[in-house]
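J.: Supplied in structure tokens, the structure appears directly below.
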Amino acid sequence: TFMKRIILAALLLCAFTNFICAQEKDFQFSFITPIGTNGLSSGQTTNKVSVNLLGGYSYGNTAFELGGLYNINTNLTKGLQIAGIANYSGNSMNASQIAGIANIAKKGNTPLQIGGIANIADKVGGLQLAGIVNVAKQVSGVQVGLVNITDECDGVAVGLINIVKKNGKHEFEISFSESLNTAVSFKLGTDKLYTIFSGGVKYISSPTEYAAGIGFGTHINWNKEWANQIELIGYGLTKNGSFDYDGVNMLAQLRLPVSKQFSKHFKVFAGPVINMTITDKDIINENDESLSPWTMWESDKGDVNLKGWIGLVAGVRF
């Protein structure tokens, strides 16, 4: 129709004019680049405020950018980027990014990234929060995600799997105690906060039972050789050697060992452990042997039996 032709001609004229006279602008609006006020010059234009109904593509943004689906700045980004799906910045100058799925800051410092699934950054000085995975070269703030990966971390990584490539904790442990007679554990993260994956077996008394657990810990250095750890681990326990049962059967441990480092890759440790078993009464057998030869406190109220005691753990780390 005649009206459609008029609108199309206006858009083409706008695009041609902007292509010839690319510059810094206070504001731009687009439906989806290049259909917008910056037209074909979007890739050469830096905006202060940018609103993209679906998606936008520009050279840079210095204050605020909002995109229904995505925002792409090939170079400079300052201020705040918000997108329904994804944000991309070629060079973040303390720019914060919030997106429904993913954020990418290829270079520069990013004080805040919040992504529904993933975040990728060069340097993170504040918070990097993702539903699944965070990746960064340097972290001096906090990473929170199911999986956190960084080359260097002076801050804290909080997640199920925390991988710090340089000077991170990658520690294998074999321990012995009165509850889990032998246990093996693997620790990932940093000294400030690390994740513990652990499995153990009780074999001194019958029946033989097994345990699988996960926990968190922190490592406190006294000097180059001596340190102590504070570790909280929760284990699921077998019943008659099997995890296939209905109900709750758990062991919770607060471990407070002291360690001595003999070489770069070898430590010995020992210390007290506060233990508590949480077991449904329906799965307790009178002939079952306790995880501990002694009980210091017990509660039989309701449907759950609680038993607590202070024990000892000792072992080696590699």
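The values are calculated or read from the model by the stated rules, or taken from the named source; none is laboratory data. This structure is a prediction, so every number in the text was calculated from the model and none was measured. Counting neighbours? That spans all protein chains shown, and the Cβs are built from the backbone with ideal geometry, glycine included. To get the accessible areas, we keep the full protein, side chains included, count just its heavy atoms, and leave off ligands, DNA and RNA. Shrake-Rupley method; radii C 1.70, N 1.55, O 1.52, S 1.80 Å.
J.: Sort out which residues of the range 85-95 are open to solvent by 20 Å² or more (accessible area, probe 1.4 Å) and either part of a loop (DSSP other than H, G, I, E, B) or touching a Ser or Thr at 6+ places or on another chain (Cβ under 9 Å) (or both), and write them in order of number.
T.: If the condition is that a residue be open to solvent by 20 Å² or more (accessible area, probe 1.4 Å) and either part of a loop (DSSP other than H, G, I, E, B) or touching a Ser or Thr at 6+ places or on another chain (Cβ under 9 Å) (or both), then Ile85, Tyr88, Asn91, Met93, Asn94 are the ones that fit.
J.: Any residue that is in contact with an Asp or Glu (Cβ under 6 Å, 6 or more places away or on another chain), under 20 Å from Ile98 (Cβ atoms) and outside any loop (DSSP other than H, G, I, E, B) - is there at least one of those in the range 29-46? First the steps, then the outcome.
T.: Our first condition is that a residue be in contact with an Asp or Glu (Cβ under 6 Å, 6 or more places away or on another chain); within the range 29-46, this holds for 46.
Remaining after also requiring under 20 Å from Ile98 (Cβ atoms): none.
No: zero hits.
J.: Moving on. So, in the range 1-51, of the ones that are open to solvent by 60 Å² or more (accessible area, probe 1.4 Å) and basic (Lys, Arg), which residue ends up modelled with the lowest pLDDT?
T.: Result: Lys4.
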